[in-house]
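J.: Pasting a structure here, questions to come.
A short reminder: the numbers here are calculations on the coordinates, not readings from a lab. Being a predicted model, the structure only gives us computed values, none of them experimental. A quick note on method: Cβ atoms are made from the backbone with ideal geometry, for glycine too, and the neighbour counts reach across all protein chains shown.
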Amino acid sequence: MYKDYYSKKLKKARERAGYTQKQVEDLTGITQPILSRIERGDREPSIENLCTLIDFYEVSADWILGTGVNTKHEN
């Protein structure tokens with residue numbers, strides 16, 4: 001369940017921020033193939049990459065992971 005949720009949320013966060021995967025790679029060092037696989041749900045991000053992306057996109061971990069009282073029904 002969480003895997004599907006965070007992969008969609010990470011893609012949504014990137015798109016809302018206005019970045020391509022290549023731009024995120026250039027700015028964070030997380031390679032485009034890894035980003036693509038994470039966003040498709042084919043790969044789980046490492047804790048380091050997940051934290052890097054949460055900080056980079058300026059979103060909460062609760063929102064990305066779909067946890068917390070106020071995040072259950074947010075898009």
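J.: With the requirement that a residue be touching a residue at least 60 places away in the same chain (Cβ under 8 Å) and either under 14 Å from residue 59 (Cα atoms) or in contact with a strand residue (DSSP E or B) (Cβ under 6 Å, 6 or more places away or on another chain) (or both), what does region 1-49 give you?
T.: Within region 1-49, 6, 12 meet the criteria.
J.: Hey, can you tell me all the residues within region 27-53 that are of a type in the set (Gly, Ala, Ser) and over 16 Å from residue 13 (Cα atoms)?
T.: Here is the first cut: in region 27-53, the residues of a type in the set (Gly, Ala, Ser) are 29, 36, 41, 46.
29, 46, listed by residue number.
J.: Restricting to helices (runs of 4 or more DSSP H) lying wholly in region 1-60: which have 3 or more residues that are surrounded by fewer than 16 Cβ atoms within 10 Å (Cβ to Cβ), touching a Gly at 6+ places or on another chain (Cβ under 8 Å) and not polar (S, T, N, Q)?
T.: Details: elements: 2-17, 21-28, 32-40, 47-57.
Filter on region 1-60 gives 2-17.
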